[in-house]
Amino acid sequence: MKGRWKVVLAALGSLALVASAQPLRAQDESMAPRQTTLWVNEKTGQVFIRPGRGRVPMNFGGGVDAEEIERRVEEKTQDRVRAAIAETRAQEQVDNAAAQKQLDQIKPAWTSYVSNFQNKFRIGALAYLDYGLYTHTGFGPQFTENLNPPGPYNNMYNSFDINRVYLNTYFTPTDNWTFRFTPEIYRQNGGATADRTGAISAFGSNVDGNLTVRAKYAYVQYKGLLDDVPWLKGGNTTFGAQPNPFIPWEEDLYQYRYVNLVPWNYISLSSSQLGLQFDGPIKPTGSELTYADYGFGVYDEGNFHQPEQTDNKQIMVKGTIYPLGSAFKYQGLGLTGFYDYGWGNVAPDVGSIPAVNKASAHFQRIAAVLHYAAEEWNVAGEFDYGQNAFTANNLFSGSGPIDNFGTASGTAATGPGKVAGNTCTAAAPCYQYANSFGPQTALYQAFLNNGRARELGWDAFGHYHIPGTKLTAFGMFQWFLPNDNVQKDPLDFQRFVAGISYQYNEYLRFALDSQNLLFYHSQFGVPISEATKFNYVGGSSFNGRKLPKTGTIPNTVPLDTHAIFLNIEFAY
């Protein structure tokens, strides 16, 4: 519609120009060109000869005013320049404001470090609590840390206990450096001798039985020493009191450390050593899968609760191979080997004395573990081999006869006449076989502390999460020969744990379980002639009494221990 009125308008204009055209004489220069103006209604397209509302003028003919055109062009150009300048100034103001804001936010590096200082600290808590009912009590190793129930003839003993309380503190000043300090609450056992003050005053000791604090872990760790080697990236270098390469690894594989100890930890090996250690994953293909991991180091012969006395050091090496690769820790099929070699923790100036050289003898521990782990279950089988790695003190870490700790049990024989080949007097009393653990304890020490004991063990453990529930069944079996050089060792034992756990939330777990220690041989006696092959010395003084020289040491098989536990783990 709009195009039509333009056509009509052009036609009318042409007619008007033709009608008004007059011949021009070349010599008539005074005549100026004339201009015709019409008015058009833009809505209807009608043309008018007079102006009116809604009409716009249309000029035809007339001369071209060059100056006017130039003026209008210049005005438009100036308008565009002014608009561009205004836009540029506005953008500059925005840019300047943004730059000033960035400048205001720029601070020295130390201020950023200080302002983020609180983010470099991390604190966690770990607590193992339990209630234990011992249906049958006996001598043996601790079922778990800080458990020391009474020995035989105390059936149905029960107690609430705190096995472990950690406050894990981590400080990470940079991405590569970490400092960890972990104090631990533990039960302090020891003599309660009164302490004197002044000439006639004294007060009782508060040492025995206290829940007190000690340092479990205190180390500095550097991550990234081998990051330049792609397949060794992620390795750690650790110095101080730290988790050794095997026990904590196996505890994490088992996942029920709050219930019971893993095999070598139950027997003798602490989880925390003081030394220098290297560990990390191996990813040779450059993929995200781990095909191996390692851990090795050199450590004191002592540990976090035993000071170093010897001038020797022990070494530990642990390696795991995942032949199919592992997408997460322990996932899939794995084969792990562990080796530990060292010497007894005895001071050098007494290590060569015959009476103590058995304690300074070398020891070694070996473990081979075949394991498979999935998201909902895992299973592991283990073989253990050791030399001089299980002493009488390890055997009686839970509870033991008082004879093992320097006090004679039972009634002494003081004569007249002989007892088991000994002449006994009040000045030189003798152990009697009846109502005493003295001869048996001396036999145990001869079997275990002779400097040539060899240990063998077989273990199995695992767990299975019941689908659709928060329940998981778990268990462990351990068969251990404390010295397989003894033809028939009364100390051979089996330990088994079976239970079910309930995962309340990500921080809290409960477990109900049965723990059992069985010295599985039927009761028998050991002839003195057999005992002497392992440095048992009949007639020698033991806790101030003479040991039997002739006959047979009776009742050498310790009583079994059976207990039911309710365990609680809080880990944050």
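Is there a residue in segment 561-569 that is touching a helix residue (DSSP H, G or I) at 6+ places or on another chain (Cβ under 9 Å), in contact (Cβ under 8 Å) with a residue 12 or more places away in the chain and buried (at least 16 other Cβ atoms within 10 Å of the Cβ)? No; the residues of segment 561-569 include none that is touching a helix residue (DSSP H, G or I) at 6+ places or on another chain (Cβ under 9 Å), in contact (Cβ under 8 Å) with a residue 12 or more places away in the chain and buried (at least 16 other Cβ atoms within 10 Å of the Cβ).
Summed over segment 526-537, residues that are closer than 19 Å to SER409 by Cα and open to solvent by less than 30 Å² (accessible area, probe 1.4 Å) total 1.
Looking only at segment 450-474, residues that are surrounded by 15 or more Cβ atoms within 10 Å (Cβ to Cβ), aliphatic (A, V, I, L, M) and more than 21 Å from LEU517 (Cα to Cα) come to 1 in all.
Screening ARG187 with (1) open to solvent by 60 Å² or more (accessible area, probe 1.4 Å); (2) under 30 Å from PHE474 (Cα atoms); (3) modelled with pLDDT of 95 or more gives one miss only, at (3). Examine segment 117-134 for a residue that is part of a helix (DSSP H, G or I), modelled with pLDDT under 80 and at negative phi, and state whether such a residue exists. Checked segment 117-134: at least one residue is part of a helix (DSSP H, G or I), modelled with pLDDT under 80 and at negative phi.
Scanning segment 507-565 for residues being more than 27 Å from THR137 (Cβ to Cβ) and aliphatic (A, V, I, L, M) gives a total of 3. Between GLN432, GLN440, the distinction of being over 41 Å from the mean Cα position of the chain (by Cα) and under 30 Å from ARG187 (Cα atoms) belongs to GLN440 only. Selection of segment 406-419 for residues being at positive phi and modelled with pLDDT of 90 or more yields GLY406, GLY410. Being within 19 Å of ARG180 (Cα to Cα) and surrounded by fewer than 21 Cβ atoms within 10 Å (Cβ to Cβ) is the filter here; which residues of segment 242-251 pass it? Selection gives PRO248 alone. The residue that is nearest to ASP484 (Cα to Cα), among those in segment 376-394 that are open to solvent by 10 Å² or more (accessible area, probe 1.4 Å) and assigned to a loop (DSSP other than H, G, I, E, B), is ASN388. The residue that is modelled with the highest pLDDT, counting only those in segment 33-92 that are of a type in the set (S, T, N, Q) and part of a strand (DSSP E or B), is ASN41.
The values are calculated or read from the model by the stated rules, or taken from the named source; none is laboratory data. From a predicted model like this one, the values you see are computed outputs, not experimental measurements. Virtual Cβ from ideal backbone geometry, glycine too; neighbours counted across all protein chains shown. Keep in mind that these areas ignore ligands, DNA and RNA; they rest on the heavy atoms of the full protein, side chains included. Shrake-Rupley method; radii C 1.70, N 1.55, O 1.52, S 1.80 Å.
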